[in-house]
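Comments concern the structure below.
The values are calculated or read from the model by the stated rules, or taken from the named source; none is laboratory data. Quick caveat, the model's predicted, so the values are computed rather than measured. Using ideal geometry, Cβ is built from the backbone for each residue, glycine included, and neighbour counts are taken over all protein chains shown. In case anyone asks, the SASA skips ligands and DNA or RNA and just uses the protein heavy atoms, side chains included. Shrake-Rupley method; radii C 1.70, N 1.55, O 1.52, S 1.80 Å.
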Amino acid sequence: MTEVIKTDMIKTDLISQSVNEPPRATLLPSKTLKSQLLGGSLTLLAGSGLVGVTNLVYNVVTARLLGPTGFAHATAVYTILMLISGITLSFQVVCAKYVARSESPEARSAVFAGLHQRSWMAGIAIGLLLFVFEGPLTRYLNLPDPVLISLLALGMAFYIPLGVRRGYIQGVHAFGPLAINFMLEGLVRLGGAFLLIALGMGVKGAVLASMLAVIVSYFVALPSPGVSSLSFRGISISAREGLQAIVFFSGQTVINNFDIILVKHFFPPAEAGFYAAVALVGRLVNMCAWSVVNTMFPVSAGSSADEHEGNPVLFTSLLMVLLILTVLIFSLWMVPSFLWKTLFGAQFEFSGYGALAPLLILYAITTGVYSLSSVIITYEMSRKIANTSWVQLAFSGALALGVYILHRTLRQVILVQLVLMVVLLIVLIMPLLRRHLTAQPLRIYSSLRILRRLAEEEVMAEFLRSEFHHPEFDDYRQEFDYVVRHPDLGNSRENAVRQALLFLRRGAMWRELPENTRWFEVEIAAQDLDRIRFFPRAQWRRVADGSFYLTDVVERIRVKLEAPFHDEFLGKLRTLSSSVEENLINPTVLLIGVDNRGPLTILDGNHRMAAAMLGSSAAALDRLRFICGFSPQMTRCCWYSTNVNTLLRYFTNLVRYFSYDPESDIDRFQERSF
């Protein structure tokens, strides 16, 4: 019961989006990775909040009506259901994925029919096992009546097939009806529990309400392919995908639920109910964090397979989850103790543990740490068949063993979980950091044709000429226009003032280039366009859709320009395209790379290059002039390779040159004649 909040959120969000994303070719080009991630996360956060509020009210109502002891009994029974939910969610993942991939209604019906019958066999088998072992389970969990397990067995027969029905709904992208189905389950559980407990059924009423909610949700799970398609049909399903889903959800359900089972076994019923209340509010943190995780999964799965292109999705997700956790945990810390006492009732105050708040915050931190691990695990799963699911499963076993051995107090139970979750996070994040701190091998292309070597002063002059129209130079444009437009590269004073002017706007960018960068004018042929990339910044993230290579971005922009509505960014490119054709703007494009056989990133000239390519690529190559800066240490530059190491170097340089004022250098040259 405590776990209803988090599990409902997972079912509505993770699987519905993760496995039903359209193939890459059908993704809307207007949705970039970042906008999908941010927008989807906010949407899911709002939707999950509605389900979470319903289940929070349900748990508070049952806690107040049943007291700590009765609440612990009801929570223990429902937690068994949540432990088996790994099987339900695995069926749901596979059904949704294969229904989404099917091209015809008949194929979708075949997928549903095969999985639906298998799920019924699994549900009935598990239900029978619960009936057989209801006596030992009742004694182990210190339950007052074995009929509670019998009710659970009845609900289990419907619970696993419910996963397949919801998987079909997800597979056909009927997310509205799916959300209604989850809300209906929560409302039936809440209303049924309130009514049945009020009629004197006590714990049995709370458990029966949960099972009725599952059964009602099964029969109203629509759309459905229909009864005529329920004959058994063979379907080909990847065993590795099914195994990965089972392993992931098994580890997740054990980590999030097994502590409640063990606490119910080892502790008196009243203390077990106290722990259930702690876990209830603490896992609200996990629910909100999963809103980001569930959006990240399909965004990452639908993006480029290039690890470099997927990195922003992962790091943005981690940052968003960390921010959510910080806000929620701080909010919990700010809630006064009397409010928790008022919410749950005076009976949830124990002299041996003091107020509810300290344990609640400790549990929230524990689930928060696990949420960060979940981001990494689901990211790896979205890219490939990942071993991280097995790592999580191993830690779930360690968690169960740790709590089994160390359970002197409720605080010790939570601390055991916290230590293991911190270790899990470290184990997962170390290979990730190692990959991003280590230079990756670069793709090899044919050699560029080098025309001539250029002095740094000439490159700076060209860079400044393309930047001089910006507002930062309004105060200096009249004074230094001739120096910028007609540079005398042999004049050291002119070179100094051009450097000062350039650093007024682009100092932070230029200082990141390695000191041994050598500049060349090069010839870019048609076959060289595939190696050129945009730096992932500003508007380019919005149109990149995961790949920042020049040819990919230009094709996406071309599609956008055919649409009836254009934004300011596209309008600027359209205007620039005409200006490039008429030679009205600086035709120089600056590129950087390791050498003339590796990838190249545009340092300056993103808009000009894209605008020129929107016409004819051959004509664009004739109109533009290309200057490349090469250095073996270019991978240390964040403009060429963005990772933890290069960003750290960038921020270090910002601090180092914080006091530098380029305007003071410019002022020394004003009113002088050149």
Identify, from the list Gly234, Gly282, the residue that is more than 21 Å from Ile405 (Cβ to Cβ), modelled with pLDDT under 70 and open to solvent by less than 30 Å² (accessible area, probe 1.4 Å). Gly282
Under 18 Å from Ile261 (Cα atoms), of a type in the set (A, V, I, L, M) and open to solvent by 10 Å² or more (accessible area, probe 1.4 Å): does that describe Leu128? no
Out of everything in region 487-527 that is in contact with a helix residue (DSSP H, G or I) (Cβ under 8 Å, 6 or more places away or on another chain) and charged (D, E, K, R), what residue ends up being surrounded by the most Cβ atoms within 10 Å (Cβ to Cβ)? Arg498
Odd one out for Glu185 among (1) touching a helix residue (DSSP H, G or I) at 6+ places or on another chain (Cβ under 9 Å); (2) farther than 18 Å from His73 by Cα; (3) surrounded by fewer than 23 Cβ atoms within 10 Å (Cβ to Cβ): (3)
Can you report the number of residues in region 199-216 which are among the small types (Gly, Ala, Ser), without any contact (Cβ under 8 Å) to a residue 60 or more places away in the chain and in contact with a Gly (Cβ under 9 Å, 6 or more places away or on another chain)? 3
Within region 162-178, count every residue that is in contact with a Leu (Cβ under 9 Å, 6 or more places away or on another chain) and open to solvent by less than 40 Å² (accessible area, probe 1.4 Å). 9
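Okay, residues lined up against (1) in contact (Cβ under 8 Å) with a residue 60 or more places away in the chain; (2) of a type in the set (D, E, K, R); (3) in contact with a Phe, Trp or Tyr (Cβ under 8 Å, 6 or more places away or on another chain):
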position: Leu130; (1), (2), (3): no, no, no
position: Leu143; (1), (2), (3): yes, no, no
position: Ala153; (1), (2), (3): no, no, yes
position: Tyr168; (1), (2), (3): yes, no, yes
position: Ala174; (1), (2), (3): no, no, no
position: Glu185; (1), (2), (3): yes, yes, no
position: Val188; (1), (2), (3): no, no, no
position: Leu196; (1), (2), (3): no, no, no
Restricting attention to region 440-468, the residues that are touching a Leu at 6+ places or on another chain (Cβ under 9 Å) and open to solvent by 60 Å² or more (accessible area, probe 1.4 Å) number exactly 1
In the list Leu42, Leu83, Leu141, which residue meets the criterion of being at pLDDT 75 or above, open to solvent by 20 Å² or more (accessible area, probe 1.4 Å), closer than 28 Å to Ile255 by Cβ and not aromatic (Phe, Trp, Tyr)? Leu83
Please go through region 469-479 and give me each residue that is free of Cβ contacts under 8 Å to residues at least 40 places away in the same chain, assigned to a helix (DSSP H, G or I) and surrounded by 12 or more Cβ atoms within 10 Å (Cβ to Cβ), ordered by number. Glu472, Phe473, Arg477
Residues of region 516-546 satisfying the condition of being within 37 Å of the chain's Cα centre (by Cα) and more than 29 Å from Leu614 (Cα to Cα): Thr517
Tell me whether region 640-647 contains one or more residues that are within 23 Å of Asp530 (Cβ to Cβ) and either modelled with pLDDT of 80 or more or in contact with a Gly (Cβ under 8 Å, 6 or more places away or on another chain) (or both). yes
Return the pair list, or none, for Cβ contacts closer than 6 Å from residues in region 512-530 that are closer than 18 Å to Met634 by Cα and acidic (Asp, Glu) to residues that are open to solvent by 80 Å² or more (accessible area, probe 1.4 Å) and not in a loop (DSSP other than H, G, I, E, B), at least 6 apart or on different chains. Glu521/Leu451; Glu521/Arg452
Taking the condition of being open to solvent by less than 20 Å² (accessible area, probe 1.4 Å) and not small (Gly, Ala, Ser), how many residues in region 144-161 meet it? 7
Extreme residue, farthest from Val214 (Cα to Cα), among residues of region 86-125 that are open to solvent by 30 Å² or more (accessible area, probe 1.4 Å) and among the aliphatic types (A, V, I, L, M): Ala107
Looking for whichever is at positive phi, open to solvent by less than 50 Å² (accessible area, probe 1.4 Å) and more than 33 Å from the chain's Cα centre (by Cα) here; the options are Gly191, Gly202. Which one fits? Gly202
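Residues are listed down the side, and each one gets a yes or a no for (1) over 23 Å from the mean Cα position of the chain (by Cα); (2) at pLDDT 80 or above; (3) among the basic types (Lys, Arg); (4) closer than 23 Å to Phe267 by Cα:
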{"position": "Leu56", "(1), (2), (3), (4)": "yes, no, no, no"}
{"position": "Gly67", "(1), (2), (3), (4)": "yes, yes, no, yes"}
{"position": "Val77", "(1), (2), (3), (4)": "yes, yes, no, yes"}
{"position": "Ile87", "(1), (2), (3), (4)": "yes, yes, no, no"}
{"position": "Phe91", "(1), (2), (3), (4)": "no, yes, no, no"}
{"position": "Val94", "(1), (2), (3), (4)": "no, no, no, no"}
{"position": "Ala110", "(1), (2), (3), (4)": "yes, yes, no, no"}
Looking at this structure, is Pro358 modelled with pLDDT under 80, open to solvent by 30 Å² or more (accessible area, probe 1.4 Å), assigned to a helix (DSSP H, G or I) and in contact with a Pro (Cβ under 9 Å, 6 or more places away or on another chain)? no
Would it be correct to say that Val247 is open to solvent by 20 Å² or more (accessible area, probe 1.4 Å) and at pLDDT 80 or above? no
Qualifying positions in region 621-657 - part of a loop (DSSP other than H, G, I, E, B) and not hydrophobic (A, V, I, L, M, F, W, C): Ser631, Pro632, Gln633, Tyr640, Ser641, Thr642, Asn643, Tyr657
Enumeration of residues in region 438-452 that are assigned to a loop (DSSP other than H, G, I, E, B) and at pLDDT 70 or above: Ile444, Tyr445, Ser446, Ser447, Leu448
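Residues are listed down the side, and each one gets a yes or a no for (1) farther than 18 Å from Arg668 by Cβ; (2) modelled with pLDDT of 90 or more:
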position	(1), (2)
Glu458	yes, yes
Glu467	yes, no
Phe473	no, no
Glu479	no, no
Ser492	no, no
